[in-house]
Amino acid sequence: MAGRVFGQSIPRNEDPYLLTGQAKFIDDIELPGMLHAAFYRSDYAHARIKKIDVSEARKLPGVVAVYTAEDFGEFVRPGPLQVPPPTAIKGSVFHARPLMPIAKDKVRYSGEPLAVIIAESRYIAEDAMDYIVADLEPLPAVTDLEKALEPGAPLVHEDLESNLAALVKQERGNYEEAAAKADVVIKKRIVVDRGAGAAMENRGIVINWDDRAREMTIWATTQAPIPLRNSIAGRLGLFEEQVRVITPFIGGGFGPKIMTSQPDDVLLPIIAMWLKRPIKWIEDRRENFLGTTSERDQIHYAEIALTKDGIILGVKDVFYHNTGAYDPYGMTVPLNTQTHTVSCYEVPNFYTEIRMVFTNEYVVTPVRGAGRPEGVFVMERLMDYAAQELGMDPAEIRRRNLLRKERFPYPTGIIGQDFVEGVLDSGDYPETLRRVMDVIEYEKFRKEIQPQLRAQGKHKGIGIVCFTEGTAVGPYEGARVTVGANGKVTVATGISTQGQGHFTVFAQIAAEQLGVDVKDVKVVTGDTGHFHWGAGTFASRGMGVAGTAVYNASVKVRKKALEFGARFLGVSEDEVELCDGKVCVKGDPSRSMPLGEIALKANPTRGTI
């Protein structure tokens with residue numbers, strides 16, 4: 001049965017719902033008596049809050065309530081760090097400034113919420129913003145990464161001596177000695193501009209508090225439904241079982257939807273309990289650019305030292321990382337940059353230094369790569385500069401420096417976001433490069449096609465990039481596989497889906513092991529009412545971690561099915577096999593028992609009524 005369904009190209013289970021418009025997204029959810037929220041945001045990047053007058057906004061017909069930081073009392077406090085600081089890295093400095101859900105006393109970035117309006121419609125809520133009067137005293141804004149650390153620069157957080165959020169130095173070997181021996185040393189300033197994700201559906205949340213049952217149901221565009229449930233329950237003083245988080249189709253995640261301490265998920269559940277009515281908030285596109293987390297924005301002072309034959313002796317990279325006004329995700333992004341810079345090359349001497357900086361810009365957290373692309377970009381630009389300086393082909397200089405397979409396992413000497421030293425354990429990098437070059441006919445392009453095109457005045461190039469990526473990070477995921485009395489299979493996992501095809505690939509894994517049709521496997525993701533523990537969907541861990549959990553659970557169910565099936569059929573276990581949703585006697589498929597019947601006989605108390 002190996003390969004019968006898993007890995008095959010088949011119609012996706014979820015597509016009939018998506019393509020016919022039947023799939024449910026957050027904004028499709030409508031509840032009786034539902035109210036709508038809007039956030040009044042600061043136009044200033046840095047300002048002292050003198051007074052916020054919401055009295056006229058409260059009088060507008062259709063407005064139910066307007067809240068500022070003063071109304072939330074003890075709930076206005078920094079949220080927890082999503083990831084702890086790098087305590088395992090000797091000599092590191094880290095100043096934790098988790099995200100504030102709403103501005104109090106001072107605004108630190110343009111787009112930071114100053115008030116929350118609750119109204120009968122989003123239209124009315126946005127109208128009410130025109131009646132809010134915010135008396136703000138503008139302060140000099142910190143936007144230049146390097147000047148932010150100069151003496152006398154305005155402070156984003158006045159309780160700190162400077163805008164330095166973190167400092168981490170790591171070294172393997174001795175770069176300065178390597179550079180002194182090098183034939184060529186190339187130094188470059190490399191800028192990586194800020195970028196943001198733009199999902200088809202922006203962030204959103206719907207909260208329904210049942211005051212009699214003392215239960216809260218939340219529909220959210222989250223990549224981490226279980227951590228979000230735990231976070232909300234903790235803030236509200238509820239048992240985790242009192243809060244159910246459901247993540248339907250959400251139209252893309254990309255990283256910003258991992259966060260569990262943003263204004264919507266901190267403040268709106270509290271308001272829903274106060275008002276005892278459902279509340280919906282959907283982020284519009286302008287809000288997405290103002291208030292949602294972003295990434296990149298680094299300045300690198302990078303060096304590479306080589307022999308005249310293009311062999312790398314060492315690399316040095318000192319870089320500034322803009323974390324924005326807060327650092328709720330710890331150092332995940334710059335640490336990923338640090339650990340992915342030298343990537344798959346043999347670099348005997350490597351010095352790397354992070355200078356993470358607070359600025360009056362919106363907050364930086366993982367977005368599509370979580371710091372990895374920045375490190376790869378720096379290293380690959382250095383390789384291109386080196387090839388140009390030495391008159392070598394860009395592919396050839398990479399081939400000479402790629403790690404050879406006999407070097408594995410290869411400790412990198414650099415501690416990453418999981419606070420352990422990275423180890424490259426397998427692969428054949430030079431052979432991979434050779435195969436790619438053959439497929440794209442690299443030599444033919446460089447030696448024949450490119451000169452012909454340039455003779456015609458057409459300048460066409462070709463780029464080569466080599467890198468390894470750390471993905472499928474822990475700590476864990478789980479899965480539950482259940483066979484119903486009718487033989488259909490349900491797979492439940494704690495991660496959420498954002499369009500990766502989980503409903504099909506997880507079904508393929510289970511179907512492969514249980515010998516059933518993929519269409520007879522229902523996959524439930526992102527619902528804490530069905531599965532209670534897990535970390536979430538990020539870092540390309542869906543198949544690597546959650547998929548493995550589905551596989552392991554399916555193997556256990558398969559073993560049980562064969563064990564009970566053999567017993568009920570009166571034969572030994574080695575005489576049966578799975579076939580088309582049944583346990584069959586080998587060589588005599590007429591002697592069989594459907595999986596559903598086995599499940600019912602194995603647990604007769606479940607009943608069929």
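Some points to look at:
- Test: residue in the range 227-234 that is assigned by TED's automatic domain parsing to the domain that holds Met379, over 16 Å from the mean Cα position of the chain (by Cα) and either assigned to a helix (DSSP H, G or I) or crowded, with 21+ Cβ neighbours inside 10 Å (or both): no
- Qualifying residues in the range 57-108 (those that are modelled with pLDDT under 95 and polar (S, T, N, Q)) - the one farthest from Ile354 (Cα to Cα): Gln82
- When Tyr40 is tested against (1) assigned to a loop (DSSP other than H, G, I, E, B); (2) on the phi < 0 side of the Ramachandran plot, just one condition goes unmet, and that condition is (1).
- Candidate set: the range 581-609, residues that are out of contact with any Asp or Glu (no Cβ under 8 Å at 6 or more places or on another chain), of a type in the set (Gly, Ala, Ser) and not in a helix (DSSP H, G or I); chosen: the one modelled with the lowest pLDDT: Gly607
- Which listed residue is of a type in the set (Lys, Arg) and either without any contact (Cβ under 8 Å) to a residue 40 or more places away in the chain or over 30 Å from Ser496 (Cα atoms) (or both), from Arg541, Arg567: Arg567
- Any helices (runs of 4 or more DSSP H) falling wholly within the range 53-169 and containing at least 1 residues that are among the aliphatic types (A, V, I, L, M) and in contact with a helix residue (DSSP H, G or I) (Cβ under 7 Å, 6 or more places away or on another chain): 55-59, 122-129
- Count of residues meeting criterion [within 13 Å of Ser496 (Cβ to Cβ), at pLDDT 90 or above and touching a Phe, Trp or Tyr at 6+ places or on another chain (Cβ under 7 Å)] in the range 217-259: 1
- Residue match in the range 297-319 (condition: under 26 Å from the mean Cα position of the chain (by Cα), surrounded by fewer than 22 Cβ atoms within 10 Å (Cβ to Cβ) and modelled with pLDDT of 90 or more): yes
- Residue check, Thr339 over 21 Å from Glu176 (Cα atoms) and either hydrophobic (A, V, I, L, M, F, W, C) or in contact (Cβ under 8 Å) with a residue 60 or more places away in the chain (or both): no
- Residue in the range 379-401 that is in a loop (DSSP other than H, G, I, E, B), hydrophobic (A, V, I, L, M, F, W, C) and closer than 14 Å to Val342 by Cα present: no
- Selection count where residues are farther than 29 Å from Gly427 by Cα, assigned to a loop (DSSP other than H, G, I, E, B) and not aromatic (Phe, Trp, Tyr), scope the range 316-331: 4
- Failed item, numbered, when Gln170 is tested on (1) within 18 Å of Ala386 (Cα to Cα); (2) in contact with a Gly (Cβ under 9 Å, 6 or more places away or on another chain): (1)
- Qualifying residue in the range 332-351 (condition: surrounded by 24 or more Cβ atoms within 10 Å (Cβ to Cβ), assigned to a strand (DSSP E or B) and among the aliphatic types (A, V, I, L, M)): no
- Of the numbered criteria (1) crowded, with 20+ Cβ neighbours inside 10 Å; (2) free of Cβ contacts under 8 Å to residues at least 24 places away in the same chain, the one Thr525 fails is (2).
- Subset of the range 241-271 (residues that are assigned to a helix (DSSP H, G or I), more than 18 Å from Met100 (Cα to Cα) and touching a residue at least 60 places away in the same chain (Cβ under 8 Å)): none
- Filter pass, Pro11 being closer than 30 Å to Leu335 by Cα, surrounded by fewer than 15 Cβ atoms within 10 Å (Cβ to Cβ) and not assigned by TED's automatic domain parsing to the domain that holds Ser496: no
- Of the set (1) within 20 Å of Ala485 (Cβ to Cβ); (2) in a helix (DSSP H, G or I), all apply to Asp574 but (1).
The values are calculated or read from the model by the stated rules, or taken from the named source; none is laboratory data. This one's a predicted model, so the numbers in the text were calculated from it and none came from an experiment. Please note: Cβ atoms are built from the backbone with ideal geometry, for glycine as well, and neighbour counts cover all protein chains shown.
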